[in-house]
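Below is one structure, written out as structure tokens; the observations come after it.
The values are calculated or read from the model by the stated rules, or taken from the named source; none is laboratory data. Computed from a prediction, not measured in an experiment: that's the story for all the values here. Quick reminder, even Gly has a Cβ in these numbers, built from the backbone with ideal geometry, and neighbours come from all protein chains shown. Note: accessible area is taken over every heavy atom of the protein model, side chains too, but ligands, DNA and RNA are not part of it. Shrake-Rupley method; radii C 1.70, N 1.55, O 1.52, S 1.80 Å.
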Amino acid sequence: MPPTLRTTDLRREFGSITALDGVDLSLGDGEILGVAGPNGSGKTTLIRCLLGLLRPTAGEATVDGTPTEALAAADRRHIGYMPQARAIYDDLTVRENVAFFASLYGVGDDAVDRALSFVDLADRASARIGELSGGMVRRTSLACALVHDPEILFLDEPTVGLDPKLRASMWDGFRQRRNDGALVVVSTHYLGEVSRCDRVLFLREGRVLALDSPEGFLDRTDTRDLEMAFLALLENAPPARGESSPAGGEESR
Amino acid sequence: MRRTWMRGALPVAGRILRTLRGDRRTLALVVVVPAFVLYLLGEVFVRPDPVAHVVLAVVVFFLTYILTAIGFLRERTAGTLERVLVSPISRAGLVVGYLLGYGVLAFVQSVVLLLAAVSFLGVSFANGVALFLFVEMLGALTALGTGVVLSLFADNEFQAIQFIPVVITPQVLLGETFRPVSELPAHLEYPALAMPVTHLVRAMEFVVHGGDAGEFRLAVAVLVGFALGAVALASVVIRRAS
């Protein structure tokens, strides 16, 4: 059965700040969902709620019907996570890092070899993390996230700081996982990248601005690229919290 | 499910030991520093034997606390802890993994202290070397749990170091190092008895100089209680979801 992800009226507050506000989402079958939006729009908070690392203030997030904060070990075996931070051990080699996460998921050396080949780091497997370029560090982190061949893969800004060639190569990898049946959730603030996703969730200040396919966005905004589509959606959207509309401003004068 | 409660402990312990292989400063802290401290003590005191048990108790507690608190804090701030908690590991497994990994280090440190105590301080261990290693490991386990718990209340390495004057220094001052606890004013006697270093020093005094076996057993029982309590508390305060 393909994995499913759902959020219902998901809300998360940090003190007086509302990071997510009424997010409804339903994902099934193998697909890539891009989570896009400016810094502070709630992308990482959404992923952390879906992983069970943050408890919702209200509403619910579920993986295969189970609330994410109550996921059992058996559920967690099917989930992979690449955080925004490098989140690997600098004093270990590439292979030791990947092998450590492999052992947490109970998979062996074959899986480590496959993951290293997937991220094209087999020839640098014995290098320490401190000796690697930023791109290689990100690829090691990706290998740690998918070494156990997860059905659901969460990638938080996986391509930040990478050159275009490497970004393209990583996206090819994500699509390959999707073609193998995985559900891939990728956050990014590079709007140009989200055209590679099957569907895109645009967030603004914790609210869903729109959810559609890249082609759907271009059609309905009559624009040529997703950056322009996002700007058009922003113009047509109701004002964000604490933001008065230009019309209202005129009236008050 | 088999061994559910400690799922992930062995990979974590192995990871800690492999990480240290590439971390020469920490290795030096474990192997070189204890020997150097005991060497200095041997040079400063004409008769170091009477204070040897205090130094042997305090050094292992202090160094193990620093190693664990900083190690666990790094895990949190680097984002690896969160990543590990997303995996199928159990929280107790994570803590037990830390105990095993740093426990091996504490054992190595205890052996170094043993050799240094014999070489530089002329300590003879009235109740045998095996008992010395046992008490050192108990002290290390208590410090391990303390380090993990306190590191959860620190946001950076500097804050973890700031706990030293608050948590370690009072124990060293009151823990039967300079005066017997029974001679302290009443308002300090009870806090002193609630501190693990007090019982660690008492147990070590028996190991090095001999004395009342009943008091030794009591000190060991209290230390076991502290160690189990600290480990249980660490397992509880590490939360997957916040």
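Take every Cα pair under 8 Å in segment A:68-136 that's 6+ residues apart, average their separations, divide by the length, and report that relative contact order as a whole percent.
Result for segment A:68-136 is 36 percent.
Enter the buried accessible area of the B/A pair, total of both sides, probe 1.4 Å, in Å² rounded to the nearest 100.
Result for this pair: about 2600 Å² buried.
Convex hull volume of the Cα atoms in chain A, per residue, in Å³?
Enclosed volume per residue, from the Cα hull, is 144 Å³.
From the residues A:THR66, B:LEU10, A:LEU104, which one has its Cα farthest along the dipole of the protein assembly as shown in the positive direction, the dipole being from +1 and -1 charges on Cβ of Lys/Arg and Asp/Glu about the Cα centre?
The residue sitting farthest along the positive end of the dipole is B:LEU10.
Where Lys and Arg each count +1 and Asp and Glu each count -1, what net charge lies around A:MET170 among other residues with Cβ under 14 Å from its Cβ?
+2
From zero outward in steps of 5 Å, how is the percent of C-alpha pairs of chain B spread across the bins?
Taking every Cα pair in chain B, the percentages come to 1, 7, 14, 18, 19, 16, 12, 7, 4, 2, 0, 0.
Under the definition of Cα pairs under 8 Å and six or more residues apart, what whole-number percent is the relative contact order of chain B?
With pairs under 8 Å counted, the relative contact order is 29 percent.
Quantify, in whole percent, the carbon and sulfur part of the accessible surface of the protein assembly as shown (1.4 Å probe; protein heavy atoms only).
57 percent
Using the Cα centre of chain B as origin and beta-carbon charges of +1 (Lys, Arg) and -1 (Asp, Glu), tell me which of B:VAL237, B:GLY147, B:VAL30 is placed farthest towards the positive end of the dipole.
B:VAL237
Could you work out the relative contact order of segment A:189-229, using alpha carbon pairs under 8 angstrom and six or more residues apart, expressed as a whole percent?
35 percent
Based solely on its DSSP helices, what 222 nm [θ] is calculated for chain A when runs of n ≥ 4 H residues each add -39,500 (n - 2.57) and the sum is averaged over all residues, nearest 500 deg cm²/dmol?
Estimated from H runs of four or more residues: -10500 deg cm²/dmol.
About the Cα centre of segment B:186-242, how large is the charge dipole given +1 on each Lys and Arg Cβ and -1 on each Asp and Glu Cβ? Please answer in debye to the nearest 20.
Magnitude of the dipole: close to 420 debye.
Counting Lys and Arg as +1 and Asp and Glu as -1, what is the net charge of the other residues whose Cβ lies under 15 Å from the Cβ of B:GLU215?
Once positives and negatives cancel, what remains is -1.
Convex hull over the alpha-carbon atoms of segment B:30-128: what's its volume per residue in Å³?
102 Å³
Please compute the per residue accessible area over segment B:4-237 with all protein chains in place, 1.4 Å probe, rounded to a whole number of Å².
For segment B:4-237, the solvent-accessible area averages 43 Å² per residue.
Output the direction-averaged projected area (hull surface divided by four) of the convex hull of the alpha-carbon atoms of segment B:125-242, in nm².
Mean shadow area of the hull around the Cα atoms is 8.5 nm².
Rounded to the nearest 500 deg cm²/dmol, what is the calculated helix-only ellipticity per residue at 222 nm for chain B, with -39500 (n - 2.57) per DSSP H run of length n ≥ 4?
So the helix-based figure for chain B works out to -24500 deg cm²/dmol.
Arrange the peptides A:48-58, A:145-155, B:164-174 so that the one whose residues have, on average, the most other Cβ atoms within 10 Å appears first.
In decreasing order of mean packing, A:48-58, A:145-155, B:164-174 become A:145-155, A:48-58, B:164-174.
Do any residues of segment B:1-34 show a loss of at least 20 square angstrom of accessible area between the isolated chain and the full protein assembly, using a 1.4 Å probe, and if so which?
Those residues are B:MET1, B:ARG7, B:PRO11, B:ARG15, B:ARG18, B:THR19, B:ARG21, B:GLY22.
Based on alpha-carbon positions alone, could you give the equivalent ellipsoid semi-axes of the protein assembly as shown from the gyration tensor, as √(5λ), descending, whole Å?
53, 25, 19
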